């Protein structure tokens, strides 16, 4: 399994992950279209979405975002069933999830080549990040965002879990009858052999997982004004600029549209939003939440 690097627009992902977090969850998606359409959409700067991988009907694997970076694939959390997500209600799952898209529509079964390639990819990812191969850690997008039908059914995910368990040599955690009953559609051409497990070409160090601590609105406290002021930042969504204090309860001075360039004068600690307590100070002395920009961690900004 050799992913082809496609990449995506810098507006559609965040470099790095929230400090203290690493991949712990694999989210299975369906493109609702072709692999080529995903290539194009993730490279559209107006999309504001991405995934780490895409798997085609013919077994091709495309990589859009490095596993050490944060892809925008989960979207909003709506009535989640995923235990890991429910245990972290104020944290964006993108910070600790890897997203894998699949060519096709929600009602389509996997092809043999697609299921084999996806299972090999999952086996490599879980081995690299020491993620359990089970239904708690390999989940449907629907289990996080109930308003979506993505990727179509639990049976489709069960197929991938069972095949990944077999490739990784781990005990089967899905009932043996389920993979046999789950839909897998053969290709019209000769079936492709299951690709061997190969490590994903990324070698980050593991980080200790720290639970986020909610910090109430406080008076500005310097974090790293020099590093925070060394570069321009760009908003990745519409962002409210707050007066007086770095808090969502502070008056709104203005609203910055997506992709607005800002040159901050420094950074402060303020109200925690989705586990991120960093806020930028602008030239007028107002505050912009760092999580709404392409540089969410001022202390590591360059």
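The values are calculated or read from the model by the stated rules, or taken from the named source; none is laboratory data. Computed from a prediction, not measured in an experiment: that's the story for all the values here. Note: ideal-geometry Cβ built from the backbone for every residue, glycine included; neighbour counts use all protein chains shown.
Observations, loosely collected:
- In summary, residue 58 fulfils each of the numbered conditions (1) crowded, with 18+ Cβ neighbours inside 10 Å; (2) in contact with a helix residue (DSSP H, G or I) (Cβ under 8 Å, 6 or more places away or on another chain) with the single exception of condition (1).
- Number of the exception - residue 105 against (1) under 23 Å from residue 33 (Cβ atoms); (2) buried (at least 24 other Cβ atoms within 10 Å of the Cβ): (2)
- The set of residues in the range 1-17 that are closer than 20 Å to residue 102 by Cα and surrounded by 17 or more Cβ atoms within 10 Å (Cβ to Cβ) comprises 1, 3, 6, 8, 9, 12, 13.
- For residue 20, the stated conditions do not hold, so it cannot be described as over 30 Å from residue 277 (Cα atoms) and surrounded by fewer than 23 Cβ atoms within 10 Å (Cβ to Cβ).
- Residues of the range 239-264 that turn out to be under 11 Å from residue 288 (Cα atoms), touching a helix residue (DSSP H, G or I) at 6+ places or on another chain (Cβ under 8 Å) and in a loop (DSSP other than H, G, I, E, B), as a count: 1
Listed here are the residues, each with its yes/no results for (1) part of a helix (DSSP H, G or I); (2) at pLDDT 90 or above; (3) under 27 Å from residue 33 (Cα atoms); (4) under 21 Å from the mean Cα position of the chain (by Cα).
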residue	(1), (2), (3), (4)
124	yes, yes, yes, yes
132	no, yes, no, yes
135	no, yes, yes, yes
139	no, yes, yes, yes
149	no, yes, yes, yes
180	yes, no, yes, no
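- Test for residue 49: is it within 21 Å of residue 155 (Cα to Cα) and assigned by TED's automatic domain parsing to the domain that holds residue 134: no
- Residue that is modelled with the lowest pLDDT [pool: residues in the range 13-41 that are in contact with a helix residue (DSSP H, G or I) (Cβ under 6 Å, 6 or more places away or on another chain) and not in a strand (DSSP E or B)]: 18
- Filter result (within 20 Å of residue 236 (Cβ to Cβ), buried (at least 21 other Cβ atoms within 10 Å of the Cβ) and touching a strand residue (DSSP E or B) at 6+ places or on another chain (Cβ under 6 Å)) within the range 75-94: 94
- For the range 265-280, a residue qualifies if it is in contact with a helix residue (DSSP H, G or I) (Cβ under 8 Å, 6 or more places away or on another chain), surrounded by fewer than 24 Cβ atoms within 10 Å (Cβ to Cβ) and not in a loop (DSSP other than H, G, I, E, B), and the qualifying residues are 266, 273, 276.
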